[in-house]
């Protein structure tokens, strides 16, 4: 089981969770295109008793982790596919942006090597006043992101703890929730890992990461 989690985390882990941007020629704005890189601590042991969620909706379109393909999302919602990394460590994504009553946001739908072309994770976060979505990042209107949990950008830390419970782990500005369970597919054992990471800034949720991976 730990081996399977290590494989999943290897896909998601990197040095820091910082916004990856390209500076414009004027240096007055930050162009947003590539998703931030995950920084999930590999030593965390699962504590959440139930799977948190595996489905969500984006502009009314239902997306299921490990089932809905990046290609089908692009067909229904538009956008351009980004890619980085080499064989064995490649990541594909779609970038969307929009706004709510509080401010602007961006969401990346991600598909790594382990996901086989399906959406395996997303990252949803606020945009600063300096951030400008790249033209490849597709605009969505209205309250476009709908999660099955009572979890949203702009929620207070107290609301997150009330709705999600105590985190598996926490550090400065970050609440980490990890669920794992084992099962079988056609007689073959597998381990599913469901991760939700909530980033807190100035007492409010400014970023949410979520993923689901299954591996033998």
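The values are calculated or read from the model by the stated rules, or taken from the named source; none is laboratory data. Predicted, not measured: the structure shown is a model, and the values here were computed from it. For neighbour counting, all protein chains shown are included, and Cβ atoms are generated from backbone atoms with ideal geometry for every residue, glycine included.
Here are the numbers for the structure shown:
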| read-out | value |
| --- | --- |
| Test: residue in region 162-177 that is surrounded by fewer than 16 Cβ atoms within 10 Å (Cβ to Cβ), in a helix (DSSP H, G or I), out of contact with any strand residue (DSSP E or B) (no Cβ under 7 Å at 6 or more places or on another chain) and in contact (Cβ under 8 Å) with a residue 12 or more places away in the chain | yes |
| Residue in region 144-154 that is at pLDDT 95 or above, in a strand (DSSP E or B) and closer than 19 Å to residue 35 by Cβ present | yes |
| The listed residue being touching a helix residue (DSSP H, G or I) at 6+ places or on another chain (Cβ under 9 Å) and modelled with pLDDT of 95 or more, out of 209, 166 | 209 |
| 1 or more residues surrounded by fewer than 17 Cβ atoms within 10 Å (Cβ to Cβ) and touching a helix residue (DSSP H, G or I) at 6+ places or on another chain (Cβ under 9 Å): qualifying strands (runs of 3 or more DSSP E) within region 68-113 | 81-84 |
| Residue that is touching a residue at least 40 places away in the same chain (Cβ under 8 Å) and within 12 Å of residue 140 (Cα to Cα), where the choices are 78, 82 | 78 |
